[in-house]
Each structure stands twice: as C-alpha cells, then as structure tokens.
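Chemist: Mind looking over this structure? Questions follow.
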Amino acid sequence: QVQLVESGGGLVQAGGSLRLSCAYSRSIFSSVAMGWYRQAPGNERELVADITSGGRPNYADSVKGRFTISRDNAKNTVYLQMNSLKPDDTAVYYCHAKLLGTHYWGQGTQVTVSL
C-alpha cells in the first residue's frame with residue numbers, strides 16, 4: 001500500500017517559519033515528480049510547489065522567494081521549507097504524487113499563521 005505521510009505543521013506567528021516533511025513508503029516515488037498542495041476553508045486545493053525527480057522546483061507566484069521545496073531520495077522524503085509566513089498561508093497542506101496515472105495524496109497537515 002502506497003503511503004504519503006506529512007508532518008511538521010503547526011501554529012506560527014506571521015513572519016515565522018515551518019518545515020513540512022512528506023515521507024513516502026515506496027522508493028519508486030523517487031523517480032517521479034512530487035508536490036505540495038494546500039487548501040484553505042472555502043477554497044479549492046491549489047498547487048504550492050512541485051519538484052521533478054531530478055530536483056528542479058516550480059513554485060506558485062504567491063510563495064516564490066519565501067518557500068523552498070527539496071527532496072532527499074535516499075530518505076524517501078520531500079520537504080517544504082516555509083519562511084516569512086503570512087496569515088494567507090493558513091491551510092491544510094497535502095503531499096502529492098502521480099504514478100502511472102494514479103494520484104496519491106497524504107492525509108494533510110494543518111498550518112495556521114496568526115497575526
């Protein structure tokens with residue numbers, strides 16, 4: 001059974017930092033792109049950042065210059081370093097991968113940014 005398990009969410013003040021981690025259970029995910037999405041109440045799920053198997057990142061305009069996505073294939077883990085957090089970043093953050101046409105999602109981790 002494929003699993004994506006997120007960790008690292010929490011409550012932080014505006015301007016603070018958090019690092020999210022996504023551990024995946026199958027090493028085959030090291031050969032595919034992976035990403036982070038988020039969903040705030042009343043909003044659709046949106047892409048935050050993704051990264052190719054070779055490590056090339058892509059970011060939503062709203063997080064460019066503040067967030068950094070990275071991966072450690074030896075540890076089967078993808079990270080999202082979030083700096084200069086804003087209240088608008090408050091959402092549930094989900095790890096995502098697509099493999100052979102199937103989408104895989106983690107259970108989500110809550111990030112709350114207070115004023």
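Since every read-out is calculated from the coordinates, none of them should be taken as a lab result. From a predicted model like this one, the values you see are computed outputs, not experimental measurements. Neighbour counts are summed over all protein chains in view; Cβ atoms, including those assigned to glycine, are modelled from backbone coordinates with ideal geometry.
Chemist: Let me check I've understood the local charge: for Met82, count other residues with C-beta under 11 angstrom from its C-beta, Lys and Arg +1, Asp and Glu -1. What total comes out? Spell out each step's value before the answer.
Modeler: Values: positive: Arg19, Arg38, Arg66, Lys86; negative: Asp89.
Result for the neighbourhood of Met82: +3.
Chemist: For a quick check: with amide H placed at 1.01 Å from N, whose amide H comes under 5 Å from Arg26's, ignoring anything fewer than 5 positions away on the same chain?
Modeler: Amide H to amide H, under 5 Å and 5 or more residues apart or across chains, Arg26 pairs with Gln3.
Chemist: Can you tell me the FRET efficiency between Lys64 and Leu11 if r is taken as the Cβ-Cβ distance and R0 is 25 Å, rounded to the nearest 0.05?
Modeler: Calculated transfer efficiency: 0.55.
Chemist: Using R₀ = 41 Å, calculate the FRET efficiency as 1/(1 + (r/R₀)^6) where r is the Cβ-Cβ separation of Ser114 and Val32; round to 0.05.
Modeler: So the FRET efficiency works out to roughly 0.70.
Chemist: Stokes-Einstein D for the chain at 20 °C, 1.002 mPa s, Kirkwood Rh over Cα pairs, in µm²/s?
Modeler: Reported coefficient: 153 µm²/s.
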